[in-house]
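Report on the structure given below.
FYI, it's all coordinate maths here, none of it is from the lab. Keep in mind the model is a prediction, meaning the values are calculated, not measured. Every residue, glycine among them, receives a Cβ derived from its backbone with ideal geometry; neighbour counts consider all protein chains shown.
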Amino acid sequence: GAGVSQTPSNKVTEKGKYVELRCDPISGHTALYWYRQSLGQGPEFLIYFQGTGAADDSGLPNDRFFAVRPEGSVSTLKIQRTERGDSAVYLCASSLSPATNTEAFFGQGTRLTVV
Amino acid sequence: DAKTTQPTSMDCAEGRAANLPCNHSTISGNEYVYWYRQIHSQGPQYIIHGLKNNETNEMASLIITEDRKSSTLILPHATLRDTAVYYCIVRVSGNTGKLIFGQGTTLQVKP
């Protein structure tokens, strides 16, 4: 079956522009997570969705970052007024549930470059 | 903050077992230990997880000490394709189940 799909795989944008990154989770997975990974670092948690609601957005760095999951499946991470420091790989993961004994599967990520 | 500590890097000879240690001394009773690995330019790949019993699957074995304060991931016959960053993670209990990554161990498998 299909895994977690993220599009685009690469995105180059100019400083100050708005970008949207898309995540298609594994079918039936209710839990969805966004992470950000800078070069040489481990992935950093951004936000968690259980169904349609953002149950934990404690990792979002500031109010330029926003994410939605309107129908409880596909999620979009939105970044306004992009800055060069936003350049990173953005990873999405999904899990059957948030229970601690269910594995989470990651997509290949979207590499965002802000020039 | 990550609840695990791992060595920064390790080497292993091809065909030999790779044993990757992890300390998680503050783990809570209902928190699972997860291992992921990340090969360059790819998303993290799930390997294995466990609570207190040793676990084995087609990829690896996980040995958890009786006091649950540390664990070891074992790749029984390492290949060059196992070269990657390996993350030991304690999955947060509660409502989110989020994974908090540390720096991981860079495993270099050498011919």
With charges set only on the Cβ (+1 for Lys and Arg, -1 for Asp and Glu), what does the dipole of the stretch A:1-43 come to about its Cα centre, in debye to the nearest 20?
160 debye
Alpha carbon centroid spacing (whole Å) that separates the stretch A:1-62 from the stretch B:22-46
19 Å
Orphan Cys of chain B, criterion: no other Cys C-beta under 4.7 Å
B:C12
So, with points 7 Å from each Cα along the Cβ direction, the B:H77-A:Q80 label distance in nm works out to 5.7 nm
Can you tell which of B:G43, B:L99, B:S61 lies farthest toward the positive end of the dipole of the protein assembly as shown, using +1 and -1 charges on the Cβ of basic and acidic side chains (Lys, Arg; Asp, Glu)?
B:G43
So, how do all the Cα-to-Cα distances of the stretch B:44-86 break down into 10 Å bins, in percent, from 0 on up?
27, 53, 19, 1
What pairs from A:K11/B:K98; A:K15/A:K78; A:K17/B:K98 go past 24 Å between their alpha carbons?
A:K11/B:K98; A:K17/B:K98
Sequence gap at least 6, Cα distance under 8 Å: using those rules, report the relative contact order of the stretch B:1-65 to the nearest whole percent.
20 percent
Using a/c under 1.5 as the rounded threshold, could you call the protein assembly as shown rounded, prolate or oblate? The axes a ≥ b ≥ c are square roots of the C-alpha gyration tensor eigenvalues, and prolate needs a/b larger than b/c, oblate otherwise.
prolate
So, relative contact order of chain B in percent, Cα under 8 Å, 6 or more apart, is 37 percent
